[in-house]
Amino acid sequence: MARIIRRFPVAPSRVFVDSGAWIAGQLRRDQYHSRAIAAWTKLRVERARLVTTTFVLDEVATFIRYREGRQAALTVGSSILESSVLELIDIDRPLLQRAWELFGQVRDSEPSLTDCTSFAVIESLGIGRVFTFDEDFRATGATLLG
């Protein structure tokens, strides 16, 4: 089972947030920026319970660091770490083991290991919606937002 770094009061529904959603929401030049802002607004209005992982945080901070610089990466990373509406899941050994199994099994697409850790969290927590622009997440059976 996932070790939750931080817990917050239960909201109407959980939504897993992938790195692409964080990135598109932050970078105005991103091709999905407008769609991301609209989806973020909708999630805020419905008070969705957001979930992401430390692996996704790493992916976001690294991507933004190389695109926009260190300060931008620190700002975005801090907003994720300090969010009051987010469960930040640490990828522990059992989740990583499940992700590794998925990494070897998924044949329809070529998800990264980080995506497979996200798949493992979505599976273990029974999350039904994913905020992403990555079609690989269709493999989870969840509804894709974005």
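The values are calculated or read from the model by the stated rules, or taken from the named source; none is laboratory data. In this text the structure is predicted, and so the values were computed from the model without any measurement. Counting neighbours? That spans all protein chains shown, and the Cβs are built from the backbone with ideal geometry, glycine included.
Points worth noting:
- Residue selected from segment 49-74 under the condition assigned to a helix (DSSP H, G or I) and more than 14 Å from residue 26 (Cβ to Cβ), by the criterion farthest from the chain's Cα centre (by Cα): 70
- Given (1) modelled with pLDDT of 95 or more; (2) out of contact with any Lys or Arg (no Cβ under 9 Å at 6 or more places or on another chain), number of the condition residue 87 does not satisfy: (2)
- Some residue of segment 62-71 being touching a residue at least 60 places away in the same chain (Cβ under 8 Å) and closer than 15 Å to residue 23 by Cβ: no
- For segment 20-45, the set of residues classified as outside any helix (DSSP H, G or I) and either of a type in the set (Val, Ile, Thr) or touching a residue at least 12 places away in the same chain (Cβ under 8 Å) (or both) consists of 27, 32, listed by residue number.
- Residue selected from segment 88-146 under the condition out of contact with any strand residue (DSSP E or B) (no Cβ under 6 Å at 6 or more places or on another chain) and on the phi > 0 side of the Ramachandran plot, by the criterion surrounded by the most Cβ atoms within 10 Å (Cβ to Cβ): 141
- Looking across segment 97-137 at every residue that is part of a helix (DSSP H, G or I) and among the polar types (S, T, N, Q), the one that is modelled with the lowest pLDDT is identified as 105.
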